[in-house]
Each structure stands twice: as structure tokens, then as C-alpha cells.
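All remarks here apply to the structure that follows.
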Amino acid sequence: MSDLFNKYDESIRLSYEYSFRMLMHLKNIISAYEKVDGNDELANEVYRDSIIKKYEMLEELVWKLLSKFFKSRGLELNNPRSCYKQAFKEGLIEDISIWNDVLGSRNSTAHIYNEEDYEKIKGKIINEYTEAVEKLLLKLKERVM
């Protein structure tokens, strides 16, 4: 089993580092957004869209990182839902309901057509998802790095 892990070790490490950098970019955008004057509608829209796009990219990176991690251990999981379920079973994820919501929000971002839905997802990214991703990455770091 350790030979299998060693085969994927570099790929997992690089995927982790890229995911962590994307998380930091997202957190920087959120921080900048929180400093914007609430009356500047254009800036608010640009930051909101940036937050959502970075989140989409981060979610994709995270589930693919989990897929590689589990593959190195002999599990072939090729979709986000199965990766999140397995991560929950192994204690990498504390609250599966948040991750079901993470996936639902990610799937719906391509089909948002009104401001209210955009704002709702942006709020969840800022208030829930970013912290959940950070906790997962820290737990993965403990196991992988």
C-alpha cells in the first residue's frame, strides 16, 4: 500500500499546494470585498463574481485532491459526492451537510440568473464554505505532508 501512496505522493502534494493557494486567493478577495464601500455597485458586483468564480475553482481542486488521496490508498472515487462522503467517514470532514451544500451551491452557480441567488451563495462562501475547506485542507496536510 505504501508503494501506491508513494506513486501519488508528488501529485497529491502539488494538488494540495495549489488548492491551498487558491484558498488564500479566495480569502484575499473576500478581505478586499469587505473593505469596499457598500455604495459602489460595480465594485460589489466584480468582487461577488470573483468570489464565486474562485470558489468554483477551489471546490473543483478540493474534490480532485481528495480523489487522488483516496486513489493512493486503493479507493477509486471519481466524483465529488463520493469523495466528500469518504472524507466524512475518515474524519477529514466534520459536517457532511455543509459539504452537501458546498456541492449543491457549486452545481447551481452555472444556473444563477438573479441577484438574490448570487448574494445567497456569496454569503455562504464567505460565512461557511471557506472555513470548511480550510479545515479539510489542514486535516489533509496532517495526513499527507
Checklist entry - FRET efficiency for residue 78 and residue 134, Cβ-Cβ distance as r, R0 = 35 Å, nearest 0.05? => result 0.90
Checklist outcome for this item: Once normalised by the length of the chain, the mean sequence separation of its alpha carbon contacts under 8 Å that are 6 or more apart gives a contact order in percent of 31
Checklist entry - Considering only Cα-Cα distances, which of the following residue pairs are longer than 26 Å: 7/54; 89/141; 68/139; 53/85? => result 7/54
Checklist entry - What FRET efficiency would be calculated for the residue pair residue 120, residue 40, taking the C-beta separation as r and a Förster radius of 22 Å, to the nearest 0.05? => result 0.60
Checklist entry - So between residue 24 and residue 49, what do we pick up on full extension, going 0.36 nm a residue minus the alpha carbon distance? => result 7.3 nm
Item to check | Residue of 32, 87, 132 that the Gaussian network model of the chain assigns the largest fluctuation, springs spanning Cα pairs under 10 Å | outcome: 32
Checklist entry - Excluding the sites themselves, what is the longest stretch of the chain that contains no GluC sites (Glu not before Pro) in a DSSP loop with at most 16 other C-beta atoms within 10 Å? => result 1-75
Next on the checklist: Test of the criteria: in segment 48-129, which trypsin sites (Lys or Arg not before Pro) are in a DSSP loop and have at most 15 other Cβ atoms within 10 angstrom of their Cβ?
Outcome noted: 73
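Quick note: the coordinates plus some simple rules give every number you see, no bench work behind them. Everything numeric here is computed off the predicted structure, so don't read it as measured data. When we count neighbours, we look across all protein chains shown, and the Cβ atoms used for this are built from the backbone with ideal geometry, even at glycine.
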